[in-house]
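The values are calculated or read from the model by the stated rules, or taken from the named source; none is laboratory data. Just so you know, these numbers come straight off a predicted model, no measurement behind them. Glycine also receives a Cβ, built like all others from the backbone with ideal geometry; neighbour counts cover every protein chain displayed.
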């Protein structure tokens with residue numbers, strides 16, 4: 001696809017859309033945000049005020065009839081991902097969808113198969129794959145720098161206390177709590193760096209039953225606030241994953257604890273989101289050292305953004321939207337695709353089953369190739 005600028009529509013205009021997707025689309029020279037859609041009039045008005053985009057919709061079905069729309073970015077509550085994505089695919093639109101892709105593995109698989117059958121480009125918004133340190137970490141592992149990988153461990157620790165989380169604190173709307181919100185990304189770290197997870201045993205905790213907004217109004221919460229997983233990858237690598245909203249004193253967002261470590265026969269690699277342009281590297285028998293990520297890993301190939309401008313904890317996120325648009329232009333699969341979302345959803349379903357039945361569970365097998 002060449003020449004014409006791609007028309008992108010944003011479905012769901014909340015914080016993620018304003019912080020990540022709208023500026024991300026602006027980075028890509030071949031794409032333009034042409035329409036906004038949200039059932040929440042206040043959110044839609046805020047997005048219109050921030051962007052000046054004149055085409056606004058409260059019904060995504062009407063938006064999909066707009067011939068100026070070539071692709072959609074879905075950033076709605078999880079319960080609506082499947083219906084909007086399938087409608088967009090049926091309309092011949094390319095689709096990027098926020099994670100988790102769906103409420104369960106079967107729905108995610110249906111979305112992926114529909115997109116493949118229709119021949120549209122599809123992408124799951126696993127944003128942290130675009131962190132420079134994460135991309136460099138993958139390169140070092142695949143190049144054999146740390147030898148045979150032995151152990152993979154991650155944690156995401158934030159201090160949200162009993163703060164109101166809107167639809168994210170509703171199992172009916174979100175499908176899970178901390179599991180889908182934060183651990184889903186860390187599961188994808190494992191797939192990105194190591195490969196498929198074969199089996200696992202997991203536990204979750206629901207600790208906060210009432211959350212409060214800024215005015216002191218109380219709202220029920222029935223989702224998991226903490227999740228931990230012991231896993232074994234198909235390659236035999238061990239996995240240890242933990243995520244919590246209730247790690248007092250840890251802060252939140254990009255500055256809170258987001259840690260990933262891989263130990264191999266010849267060395268160790270450690271990533272912290274708060275230092276996205278550096279890695280800690282240690283070789284066997286030596287000590288950990290902090291090294292700068294090489295220039296070629298500071299942004300994805302072809303991205304026009306200057307990686308030395310802006311907050312490094314934020315600006316890498318724009319490469320995600322660049323990748324989505326560039327894949328459409330080049331007629332190639334997006335990375336990561338809906339398939340990657342399906343693989344993570346399979347792990348999430350296995351985690352929930354393990355927690356309910358208090359046992360080891362095999363993860364559904366689905367080739368990523």
Would the stretch 59-69 turn up any residue that is in a helix (DSSP H, G or I), out of contact with any strand residue (DSSP E or B) (no Cβ under 8 Å at 6 or more places or on another chain) and either on the phi > 0 side of the Ramachandran plot or not assigned by TED's automatic domain parsing to the domain that holds residue 175 (or both)? yes
Residue 103 - would you say it is part of a loop (DSSP other than H, G, I, E, B) and over 21 Å from residue 291 (Cα atoms)? yes
Go through the stretch 202-232 and give me each residue that's surrounded by fewer than 18 Cβ atoms within 10 Å (Cβ to Cβ), in contact (Cβ under 8 Å) with a residue 40 or more places away in the chain and in contact with a strand residue (DSSP E or B) (Cβ under 8 Å, 6 or more places away or on another chain). 203, 210, 212, 213, 219, 220
Can you tell which of 137, 96 is crowded, with 24+ Cβ neighbours inside 10 Å, touching a helix residue (DSSP H, G or I) at 6+ places or on another chain (Cβ under 8 Å) and in a strand (DSSP E or B)? 96
Can you tell me which of 11, 39 is touching a helix residue (DSSP H, G or I) at 6+ places or on another chain (Cβ under 9 Å) and within 24 Å of residue 112 (Cα to Cα)? 11
So, in the stretch 240-261, of the ones that are in contact with a helix residue (DSSP H, G or I) (Cβ under 6 Å, 6 or more places away or on another chain) and crowded, with 23+ Cβ neighbours inside 10 Å, which residue ends up nearest to residue 211 (Cα to Cα)? 245
Report, by residue number, each residue of the stretch 146-172 that is under 19 Å from residue 351 (Cβ atoms) and assigned to a helix (DSSP H, G or I). 168, 169, 171, 172
Within the stretch 327-345, residues surrounded by 21 or more Cβ atoms within 10 Å (Cβ to Cβ) and either modelled with pLDDT under 95 or in a helix (DSSP H, G or I) (or both) come out as 328, 338, 339, 340, 341, 342, 343, 344, 345
Residues of the stretch 29-53 satisfying the condition of being in a loop (DSSP other than H, G, I, E, B) and either closer than 22 Å to residue 78 by Cα or at pLDDT below 90 (or both): 29, 38, 39, 40
Can you confirm whether residue 150 is surrounded by 18 or more Cβ atoms within 10 Å (Cβ to Cβ), over 14 Å from residue 243 (Cβ atoms) and either assigned by TED's automatic domain parsing to the domain that holds residue 258 or in contact with a helix residue (DSSP H, G or I) (Cβ under 6 Å, 6 or more places away or on another chain) (or both)? no
With 303, 354 as the choices, which residue is more than 18 Å from the chain's Cα centre (by Cα), part of a helix (DSSP H, G or I), touching a residue at least 40 places away in the same chain (Cβ under 8 Å) and at negative phi? 354
